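Only one structure is covered here, and it is reproduced in the block below.
The values are calculated or read from the model by the stated rules, or taken from the named source; none is laboratory data. What you see is a predicted model; the values in this text were computed from it and never measured. Cβ: placed from backbone, ideal geometry, glycine included. Neighbour counts: every protein chain shown. To get the accessible areas, we keep the full protein, side chains included, count just its heavy atoms, and leave off ligands, DNA and RNA. Shrake-Rupley method; radii C 1.70, N 1.55, O 1.52, S 1.80 Å.
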Amino acid sequence: MAARGITLGIDLGTTSVKAALLGAAPDDPSGFEVLASCARAARAEAAAESVVAGPQVREQDVSRILQALNECLAAFPWQLLRSVVGIGVSGQMHGVVFWKTGQGCEWTEGGISPVLAPGAVSHLITWQDGRCSSEFLASLPQPKSHLSVATGFGCATIFWLLKNCPEFLKPYDAAGTVHDYLVAMLCGLPRPLMSDQNAASWGYFNTQSQSWNVEILRSSGFPVHLLPDIAKPGSVAGRTTRVWFEIPKGTKVGVALGDLQASVYSCMAQRTDAVLNISTSVQLAASMPSGFQPAQTPDPAAPVAYFPYFDGTYLGVAASLNGGNVLAMFVHMLIQWTADLGLEVEESTVYSRIIQAAMQQTDTHLTITPTVLGERHLPDQLASVTRISPDLSLGHVTRALCRGIVQNMLSMLPVRQLQEWGVQRVVGSGSALSRNEVLKQEVQRAFPLPMFFGQDVDAAVGAALVMLQRNLSQKES
């Protein structure tokens with residue numbers, strides 16, 4: 001049985017890259033256990049490749065993302081890697097990277113086996129990118145989709161590049177998310193494949209017909225040849241074209257999944273579970289009933305969107321742009337203020353001290369609305385601080401900031417709505433939540449439902465689990 005082998009899960013996140021190796025549980029052949037896991041900071045932020053992009057750009061260097069992935073795989077025992085029979089991949093949704101077919105990567109000698117390095121490939125323009133103003137988005141054609149288009153969405157970014165620097169697109173003939181790119185490079189695909197999970201996150205994709213809005217896009221001059229082919233999430237994209245970190249040539253690779261869906265897949269034990277993921281951003285997701293179909297008219301002002309999951313089902317999702325990134329901004333602000341006073345402090349020290357201070361400050365009247373980055377349904381909203389009292393302290397501010405992140409999410413998707421959907425338990429996941437005891441306390445305070453907390457590598461585990469359960473649980477044909 002192929003399932004007796006090991007499955008590798010990879011998640012290319014915004015701030016870190018994670019990998020996990022899954023094998024059959026020794027006491028339950030139908031179950032699994034995490035044999036090894038690893039996370040590495042990507043540190044991939046890069047200056048814009050387009051000189052006219054402006055201050056709101058958010059781009060990442062693909063070479064640094066791949067370097068973090070290489071470090072994760074190099075940390076695993078080679079004996080386990082040699083037993084890998086399938087690879088599942090997930091990653092940050094909405095973003096877009098461009099490459100030239102046949103030249104998108106290079107295989108360089110890395111010791112025991114070749115290492116994947118980028119070739120003719122652009123920066124990743126991420127979901128955090130803000131170059132598409134509200135005015136620009138209003139000028140775009142109306143999509144034939146139940147999902148609106150926002151800044152940071154792949155198709156909106158391509159429209160912006162087409163209008164503002166069309167020469168940027170000329171060297172490239174393929175595009176996808178960064179995890180689509182990885183799958184294409186591992187399998188040597190002549191054209192990129194994209195699941196409907198990632199396609200929906202780009203905009204201008206109709207989930208009912210499983211097709212791009214090609215005519216709408218073409219009539220507006222959009223380079224439709226850059227749109228990837230669509231494949232079913234959970235299906236096999238191809239096989240590895242060479243040995244990779246001792247992983248055998250010919251290993252099955254799954255079509256890339258959205259990190260949200262992969263996290264939910266690893267955490268949602270029952271359909272009555274909701275999953276709260278707090279990483280760089282925040283998502284609160286619950287499963288919609290079988291047969292549910294969203295209204296086909298997009299509502300840009302709606303805080304809840306419906307994203308494709310598996311087997312034609314949907315997740316109801318409130319996706320906030322303000323999560324662990326806001327806490328990181330707060331830490332960097334404190335570091336800068338300290339430097340302005342002529343002192344130096346390590347980032348790790350600041351993180352540990354603010355959490356420690358907030359743990360001692362168990363409650364606060366201070367109220368922080370943490371929407372520094374706005375929200376997709378309220379793009380012009382800013383953050384605010386109210387109810388400031390004389391006993392203001394670092395503990396008060398940190399406690400209020402963590403509470404504000406949770407309360408902002410619940411303002412988008414209230415508990416009563418979850419309960420109307422039949423949710424009976426909330427599962428917490430994500431790097432920011434797993435490392436921050438104050439956030440955990442505020443989540444438990446906010447939800448009058450049973451809570452369970454997952455792991456930091458949930459998306460990587462989910463990607464591996466999808467591959468294991470949907471492609472490797474039967475004998476090879």
So how many residues does region 329-362 have that are outside any helix (DSSP H, G or I) and closer than 18 Å to V438 by Cβ? 2
Flagged in region 276-304 as under 19 Å from D380 (Cβ atoms) and aliphatic (A, V, I, L, M), in numbering order, are A301, A302
If you check V97, V89, which single one turns out to be part of a strand (DSSP E or B) and closer than 25 Å to L373 by Cα? V97
Identify, please: which residue in region 9-33 is among the hydrophobic types (A, V, I, L, M, F, W, C) and at pLDDT 95 or above and is, among those, surrounded by the fewest Cβ atoms within 10 Å (Cβ to Cβ)? L21
Test result for D180, crowded, with 23+ Cβ neighbours inside 10 Å and modelled with pLDDT of 95 or more: yes
Any residue in region 327-340 that is touching a residue at least 12 places away in the same chain (Cβ under 8 Å) sitting within a Cβ distance under 7 Å of a residue that is open to solvent by 40 Å² or more (accessible area, probe 1.4 Å) and in a helix (DSSP H, G or I)? List the pairs, counting only those 6 or more apart or interchain. V331/E347; V331/Y351; I335/E347
Selection count, region 77-106, where residues are within 26 Å of the chain's Cα centre (by Cα) and more than 21 Å from P171 (Cα to Cα): 12
Test result for H365, in contact with a Ser or Thr (Cβ under 8 Å, 6 or more places away or on another chain) and not in a helix (DSSP H, G or I): yes
Of all residues in region 288-314 being under 18 Å from the mean Cα position of the chain (by Cα) and within 20 Å of Q210 (Cα to Cα), the one that is most open to solvent (accessible area, probe 1.4 Å): Y306
Scanning region 384-394 for residues that are among the aliphatic types (A, V, I, L, M) and free of Cβ contacts under 8 Å to residues at least 24 places away in the same chain, the one most open to solvent (accessible area, probe 1.4 Å) turns out to be I388
Which is closer than 27 Å to T297 by Cα and of a type in the set (V, I, T), of T151, T108? T151
Just need a number here: residues in region 324-339 that are farther than 18 Å from E45 by Cα and buried (at least 23 other Cβ atoms within 10 Å of the Cβ). 0
The condition from (1) touching a Leu at 6+ places or on another chain (Cβ under 8 Å); (2) in contact (Cβ under 8 Å) with a residue 60 or more places away in the chain that I216 misses is numbered (1)
Using the structure shown, decide if Q283 is crowded, with 24+ Cβ neighbours inside 10 Å and either in a strand (DSSP E or B) or in contact with a Ser or Thr (Cβ under 9 Å, 6 or more places away or on another chain) (or both). yes
Here are the criteria: (1) touching a Cys at 6+ places or on another chain (Cβ under 9 Å); (2) open to solvent by less than 30 Å² (accessible area, probe 1.4 Å); (3) within 26 Å of A231 (Cα to Cα). Tell me which single one W160 does not satisfy. (3)
Exactly one condition in (1) part of a helix (DSSP H, G or I); (2) open to solvent by less than 10 Å² (accessible area, probe 1.4 Å) is not met by Q417; state its number. (2)
With the checklist (1) open to solvent by 60 Å² or more (accessible area, probe 1.4 Å); (2) modelled with pLDDT of 95 or more in hand, flag the one item Q270 doesn't pass. (2)
Taking the condition in a loop (DSSP other than H, G, I, E, B) and either touching a strand residue (DSSP E or B) at 6+ places or on another chain (Cβ under 8 Å) or under 30 Å from T151 (Cβ atoms) (or both), does D380 pass? yes
Residues in region 46-64 that are modelled with pLDDT of 95 or more and in contact with a strand residue (DSSP E or B) (Cβ under 6 Å, 6 or more places away or on another chain) total 5
Can you name the condition, by its number, that T349 falls short on among (1) open to solvent by 60 Å² or more (accessible area, probe 1.4 Å); (2) out of contact with any Leu (no Cβ under 8 Å at 6 or more places or on another chain)? (1)
Residues satisfying the stated conditions in region 350-377, i.e. without any contact (Cβ under 8 Å) to a residue 40 or more places away in the chain and under 30 Å from A305 (Cβ atoms): T367, I368, T369
Taking the residues in region 212-236 that are more than 23 Å from E167 (Cβ to Cβ) and among the β-branched types (V, I, T) as candidates, determine which candidate is surrounded by the fewest Cβ atoms within 10 Å (Cβ to Cβ). V214
Reported set for region 87-138 where residues are hydroxyl-bearing (S, T, Y), modelled with pLDDT of 95 or more and open to solvent by 10 Å² or more (accessible area, probe 1.4 Å) is T101
Options M185, M194; residue that is open to solvent by less than 10 Å² (accessible area, probe 1.4 Å), at negative phi and in contact (Cβ under 8 Å) with a residue 40 or more places away in the chain: M194
May I ask you to list the residues in region 420-454 that are modelled with pLDDT under 95, of a type in the set (A, V, I, L, M, F, W, C) and part of a helix (DSSP H, G or I)? A432, L433
Check on S209, free of Cβ contacts under 8 Å to residues at least 40 places away in the same chain, open to solvent by 50 Å² or more (accessible area, probe 1.4 Å) and not acidic (D, E): yes
